[in-house]
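Enquirer: Take this structure, written in structure tokens, and hold onto it; I'll ask about it next.
The values are calculated or read from the model by the stated rules, or taken from the named source; none is laboratory data. Since the structure is predicted, the reported quantities are computational estimates derived from the model, not experimental observations. Note that each Cβ is placed from the backbone with ideal geometry, even for glycine, and that neighbours are counted across all protein chains shown. Quick note on the areas: whole protein, heavy atoms, side chains included, nothing else; ligands and nucleic acids left out. Shrake-Rupley method; radii C 1.70, N 1.55, O 1.52, S 1.80 Å.
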Amino acid sequence: MRKISVNYTDAGKKLDRFYAECVSAGRAGELLRMEPMRQLEEVKKACGFRYLRFHGLLFEDMGVYWEDKKGDPHYNWQYVDMLYDSLLRLDIRPFVELSFTPKAMASGEDTVMWWRANITPPKDYRLWYDFIRALVSHWEKRYGREEVKQWYFEVWNEPNHPGFYKAGMEEYFRLYDTTCKAVKDVCSQYRVGGPATAGNEWIEEMIRHCEEEKVPLDFVSTHAYGVFGDFDDTGEKVLYLKEDKDAILKEVQMVYDQVKSSSMPDLEIHYTEWNSSFSPVDPIHDCYIQAAYLLYHLKRLSGRVNSMSYWAYTDIIEELGVPKTPFHGGFGMVTMQGYHKPSYYAYEFLNRLGKTELDTGDADSIAAKKE
């Protein structure tokens, strides 16, 4: 017999809303369209997310960087302003992912995803430093220092994954150091971190590097997914859920222990991507199992992370190109046509909980009360 017992007169404890701290989207250019922004407003209201992270802020379709015939750099923040103004109007702050390299600044031709994000380091780190510092300075002038202090600046996306960065760890550290200096030279209190790795990697190495080189590090970030295997550009190869249902929990605990036993035990820990599967065409994303899968993990992760950013709130993501069917196994909580998926209801349920969590005596239930 399963017994769930709740005493609503108990004092309880403050409910940890780490699950609503951040959510993800595909890329910046997609968010300039009407439907993704409409869905974001809907998801914000239903699920209470506070920050949004996405790729492609520096990609060509945002028009942020080019060089003239003399090779002199030029910046353009108009599309960035449109997007960030829209986010802040919705009371959603940016979890800024500083990637990928603008084509005109890149050292090579390697790209990833259908929209061809350049995954090579900058050809000249001085150009990159000036570019990032100019962008952060622009944000400070437009939104004010006190506002930007509340943002997060994350350097790159999955630099340990050869599909997203082939230059290796040492080159990533150089990129991080340069980016961190550019941000901190605008304001030393702005929060910068990484390494934004796939699969919980490079955390100890990142902390050690920053300690030895005296480079600021305000948080660590990484990603976790519940499958093993791989998929090709068509998404056809088969993936499997990890046999250990607590695999993600154990991975998060490992990172938590690495941070707590390090020279920087008070670092914030942000999982800037997580989901059951990392494939953009995985049927589990559309299945009722997804809601239980999410709630099982989020119930048990309290106290170990500052955020778990669900990848992603909308199915309007073009990693493999334009989605071909309404229910194609996309990452999103909401389909392209606006239908709510099980993941949406899981997060909406969590957002309806009161501020005070009560003991239930049951590992697979959550009870909370309002004033």
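Enquirer: Please work out the average accessible area per residue across the chain, using the 1.4 Å probe convention, and give it in Å².
Expert: Result: 45 Å² of accessible area for each residue.
Enquirer: Remind me, relative contact order of region 225-371 in percent, using alpha carbon pairs under 8 angstrom and six or more residues apart?
Expert: With pairs under 8 Å counted, the relative contact order is 21 percent.
Enquirer: Moving on to the next point. Do the alpha carbons of any pairs in Lys103/Lys214; Lys214/Lys250; Lys141/Lys181; Lys141/Lys184 sit beyond 23 Å of each other, and which pairs?
Expert: From Lys103/Lys214; Lys214/Lys250; Lys141/Lys181; Lys141/Lys184, over 23 Å: Lys103/Lys214; Lys214/Lys250.
Enquirer: So which lysines can Lys370 reach, going by Cα to Cα under 29 Å and dropping same-chain residues fewer than 8 places off?
Expert: Straight-line reach from Lys370, under 29 Å: Lys3, Lys13, Lys14, Lys44, Lys45, Lys299, Lys341, Lys355.
Enquirer: Something else now. Put +1 on the Cβ of every Lys and Arg and -1 on every Asp and Glu Cβ in the chain; which of Pro159, Ser107, Leu358 then has its Cα farthest towards the positive end of the dipole?
Expert: Sorting the options by dipole projection puts first Leu358.
Enquirer: Normalising by the residue count of the chain, find the relative contact order in percent from Cα pairs under 8 Å and 6+ residues apart.
Expert: Reported relative contact order: 20 percent.
Enquirer: With springs connecting C-alpha atoms under 10 Å apart, model the chain as a Gaussian network and identify which of Glu201, Glu213, Glu154 has the largest mean-square fluctuation.
Expert: Looking only at Glu201, Glu213, Glu154, the largest GNM fluctuation is found for Glu213.
Enquirer: While we're on this one: Might you work out the accessible area of Cys187 for me, using a 1.4 Å probe with all protein chains in place, and round it to the nearest 10 Å²?
Expert: 10
Enquirer: A further question follows. First measure r as the distance between the Cβ atoms of Ala134 and Thr325, then evaluate 1/(1 + (r/R0)^6) with R0 = 45 Å and state the FRET efficiency to the nearest 0.05.
Expert: 0.60
Enquirer: Let me ask something additional. Pick from Asp124, Asp85, Asp110 the residue whose mean-square fluctuation is largest in a GNM of the chain, springs joining Cα atoms under 10 Å.
Expert: So, out of Asp124, Asp85, Asp110, the one fluctuating most is Asp124.
Enquirer: Okay, next question. With each label point set 7 Å from Cα along the Cα-Cβ vector, what nm distance links Leu90 and Thr111?
Expert: Output for this residue pair reads 2.7 nm.
Enquirer: Can you list the aspartates and glutamates whose alpha carbon is less than 19 Å from that of Lys369, not counting same-chain residues fewer than 8 positions off?
Expert: Asp10, Asp16, Glu348, Glu357, Asp359
Enquirer: If you don't mind, there's one more thing I want to ask. What share of the DSSP beta bridges in the chain is antiparallel, in percent to the nearest 5?
Expert: Of the beta bridges lying entirely in the chain, close to 35 percent run antiparallel.
Enquirer: Dipole magnitude of region 75-121 about its Cα centre, charges +1 at Lys/Arg Cβ and -1 at Asp/Glu Cβ only, in debye to the nearest 20?
Expert: Using only the charged Cβ atoms, the result is roughly 40 debye.
Enquirer: Work out the length of the dipole vector of region 224-283 about its Cα centre, built from +1 on the beta-carbon of each Lys and Arg and -1 on the beta-carbon of each Asp and Glu, and round it to the nearest 20 debye.
Expert: That gives a dipole near 220 debye.
Enquirer: Additional query: Starting from one equal scatterer on each C-alpha and no solvent at all, send me the Debye-based log10 I(q)/I(0) for region 119-270 at q = 0.08 Å⁻¹, two decimals.
Expert: The computed values of log10 I(q)/I(0) come out as -0.27.
Enquirer: Mind putting a number on the dipole of region 76-224 about its Cα centre? Charges go on the C-beta only, +1 for Lys and Arg and -1 for Asp and Glu, and I need it in Debye to the nearest 20.
Expert: 480
Enquirer: Apply the Karplus parameterisation 6.51 cos²θ - 1.76 cosθ + 1.60, with θ equal to phi minus 60°, to every residue of region 55-70 and state each ³J(HN,Hα) to the nearest whole Hz, in sequence, with x for glycine and proline.
Expert: 7, x, 4, 9, 6, 4, 6, 8, x, 7, 8, 7, 10, 7, 5, 7
Enquirer: Could you tell me which of Thr179, Ser221, Leu90 has its Cα farthest along the dipole of the chain towards the positive end, charges placed at Cβ (Lys, Arg +1; Asp, Glu -1), taken about the Cα centre?
Expert: So the residue furthest toward the plus end is Leu90.
Enquirer: Tell me which of Tyr65, Asn76, Cys47 sits at the most positive position along the dipole axis of region 1-112, charges placed on C-beta atoms (Lys, Arg +1; Asp, Glu -1).
Expert: Comparing the listed Cα positions along the dipole, Cys47 ranks first.
Enquirer: Carbon and sulfur atoms: what percent of the 1.4 Å accessible area of the chain do they account for?
Expert: 50
Enquirer: Quick one: which residues, 5+ away or cross-chain, put their amide H under 5 Å from the amide H of Ala106? H built at 1.01 Å from N.
Expert: Here the answer is Lys123, since their amide H atoms fall under 5 Å of that of Ala106.
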